[in-house]
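Here is the structure we will look at.
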Amino acid sequence: MSLVSRLYELQATELELRNKRRLLQDTVVRLNHNPELSAAEEELAAIESRLDNARKHQRRLDWEVEDLNVRIRGLNDKLYGGSVRNPKELVSLEQDVQSVRRYLEGKEEKLLEAMDVVESVEAEAATMRHRVASLRDSWEQERPGLETLRGTVEAEVSRLTEACLTVRNDLGAEAAQQYDQIARARGVAVVKVEQGRCKGCNLTLPTGLWQRARAGETVECGSCGRLLYVE
């Protein structure tokens with residue numbers, strides 16, 4: 001096997017290794033963090049906060065309505081209990097009762113509105129709690145498969161890492177250094193030649209150049225500087 005063939009093999013193995021490392025990283029992240037579940041939990045927390053505020057508002061209105069009812073009962077006791085006999089005072093008490101009743105009606109209307117809000121947010125919270133529970137169950141069911149996948153990919157990463165080291169040691173420091181320099185500069189160090197064209201820059205190569213590459217010589221594309229490989 002020619003040197004450039006070994007370099008092409010190294011490049012393919014390192015590409016597979018990068019992909020496996022990326023898959024491993026994604027798998028570990030998925031094991032430790034479920035973004036969809038986290039987003040749902042954050043949304044549920046926001047709804048629960050709104051529900052808590054809505055309930056507090058309803059309780060305040062409940063207390064205010066109760067206080068107004070107590071006040072009206074006290075005024076009625078004075079008005080009809082016989083303790084007040086002065087006509088002017090009786091008229092004033094009646095006016096106070098009517099004024100407090102009108103205020104009470106406004107508070108009761110707001111209380112009904114607050115109760116509707118609480119009911120609506122409670123339904124929203126219930127729906128989101130169900131969604132969070134469903135996402136959490138799905139994630140827990142997915143985790144054993146992810147653990148298995150992580151073990152498999154870790155083994156593949158280990159195998160491919162060892163394979164790359166073996167090829168590099170066989171190639172020698174000079175060839176590996178040339179390969180790394182081109183890879184850093186061009187992204188891809190070794191490219192195929194197909195129908196006389198360099199697949200790195202897609203330009204037609206001089207016949208003599210790609211024939212030398214086919215013969216197994218280590219030659220670079222005169223345009224893009226990548227090593228040429230002919231199967």
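The values are calculated or read from the model by the stated rules, or taken from the named source; none is laboratory data. Please read these numbers as outputs of a predicted model, since none were measured by experiment. Neighbour counts run over all protein chains shown; Cβ positions are idealised from the backbone, glycine included.
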(request) Give the residues of segment 102-130 that are closer than 17 Å to residue 63 by Cα, charged (D, E, K, R) and either in contact with a Gly (Cβ under 6 Å, 6 or more places away or on another chain) or surrounded by 14 or more Cβ atoms within 10 Å (Cβ to Cβ) (or both), sorted by residue number. (result) 107, 108, 110
(request) Scan segment 162-179 for residues that are touching a residue at least 12 places away in the same chain (Cβ under 8 Å) and of a type in the set (Ser, Thr, Tyr) and jot them down. (result) 179
(message) Against the condition surrounded by 15 or more Cβ atoms within 10 Å (Cβ to Cβ), at pLDDT below 95 and not acidic (Asp, Glu), how does residue 55 come out, does it pass?
(response) no
(message) Residues to consider are 170, 137; find the one that is part of a helix (DSSP H, G or I) and either at positive phi or modelled with pLDDT of 95 or more (or both).
(response) 137
(request) Of the conditions (1) under 25 Å from the mean Cα position of the chain (by Cα); (2) surrounded by fewer than 16 Cβ atoms within 10 Å (Cβ to Cβ), residue 150 clears all except one; give me its number. (result) (2)
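Condition check ((1) closer than 26 Å to residue 23 by Cβ; (2) within 37 Å of the chain's Cα centre (by Cα); (3) assigned by TED's automatic domain parsing to the domain that holds residue 212; (4) part of a helix (DSSP H, G or I)) across all residues:
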position: 156; (1), (2), (3), (4): yes, yes, no, yes
position: 160; (1), (2), (3), (4): yes, yes, no, yes
position: 165; (1), (2), (3), (4): yes, yes, no, yes
position: 179; (1), (2), (3), (4): yes, no, yes, yes
position: 200; (1), (2), (3), (4): no, yes, yes, no
